[in-house]
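Here is the structure we will look at, set down as structure tokens.
The values are calculated or read from the model by the stated rules, or taken from the named source; none is laboratory data. All values derive from a computational prediction rather than experimental measurement. Cβ placement follows ideal geometry from the backbone for every residue including glycine, while neighbour counts extend to all protein chains displayed.
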């Protein structure tokens, strides 16, 4: 279980997160959507969980303080070294599980022998996503993962998230496209002014998407 207890984050005199608390069970409802307007605190929450910001409160993973090594984080904007090829980039993330590498390569079919600078925005998003998935961490944070993806890429990501759910991974997803969260999440948390305004269970999504 990922247990977030009363975390607060302050920039200067203003609180961006205010006593934010939520628990996510990796054995059942393990896919959590985060929804909110710009400035609601979504990315600040993700950066805090990943250990990039100072905060008050506690974050536990399986009853121990969460470590950065427990988490794979796909940020909204992805940065790449200049003059690096796709295959070279993925080698930074690749573990011994070459089957996963070949699986993701076949799903997205990127030109890995070409320089990343030649990639479109959507191709760069797919490359960064593959890198995150290859880390095979128990907690996966996806900040606006659908941005820039084409129709096919969106549906591939749907399938990947379902696979992560079946593997009991905890996945936190933010998106400004609410339909993508209805399609993938067990619960959706609405954030407003750094706090939880409402949590909606999948039984109450009121959208009849076939999964």
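For residue 32, work out the one condition from (1) more than 17 Å from the chain's Cα centre (by Cα); (2) modelled with pLDDT of 95 or more it doesn't fulfil.
With (1) more than 17 Å from the chain's Cα centre (by Cα); (2) modelled with pLDDT of 95 or more applied to residue 32, the lone miss is (1).
Could you grab me the full set of residues in segment 166-179 that are over 13 Å from the mean Cα position of the chain (by Cα) and either assigned to a loop (DSSP other than H, G, I, E, B) or in contact (Cβ under 8 Å) with a residue 24 or more places away in the chain (or both)?
Selection gives 167, 168, 176, 177, 178, 179.
Counting only residues that are assigned to a strand (DSSP E or B) and either over 27 Å from residue 72 (Cβ atoms) or touching a residue at least 40 places away in the same chain (Cβ under 8 Å) (or both), which one in segment 11-20 is farthest from the chain's Cα centre (by Cα)?
Result: 14.
Which condition breaks for residue 40 when tested against (1) in a loop (DSSP other than H, G, I, E, B); (2) modelled with pLDDT of 90 or more; (3) over 22 Å from residue 176 (Cβ atoms)?
(3)
Would you call residue 60 modelled with pLDDT of 95 or more and farther than 23 Å from residue 183 by Cα?
Yes.
Could you tell me which residue of segment 133-143 is nearest to residue 38 (Cα to Cα), considering only residues that are buried (at least 19 other Cβ atoms within 10 Å of the Cβ) and at pLDDT 95 or above?
Selected residue: 143.
Please give the number of the condition residue 79 fails out of (1) without any contact (Cβ under 8 Å) to a residue 40 or more places away in the chain; (2) crowded, with 18+ Cβ neighbours inside 10 Å; (3) under 24 Å from residue 175 (Cβ atoms).
That leaves (2) as the condition not met.
For segment 12-22, which residues satisfy the criterion of being at pLDDT below 90 and touching a helix residue (DSSP H, G or I) at 6+ places or on another chain (Cβ under 8 Å)?
none
When the residues of segment 23-37 are filtered to those that are touching a helix residue (DSSP H, G or I) at 6+ places or on another chain (Cβ under 9 Å) and in a loop (DSSP other than H, G, I, E, B), which remaining residue is surrounded by the fewest Cβ atoms within 10 Å (Cβ to Cβ)?
29
Looking only at segment 117-160, which residues are in contact with a strand residue (DSSP E or B) (Cβ under 7 Å, 6 or more places away or on another chain) and part of a helix (DSSP H, G or I)?
Selection gives 128, 129, 132.
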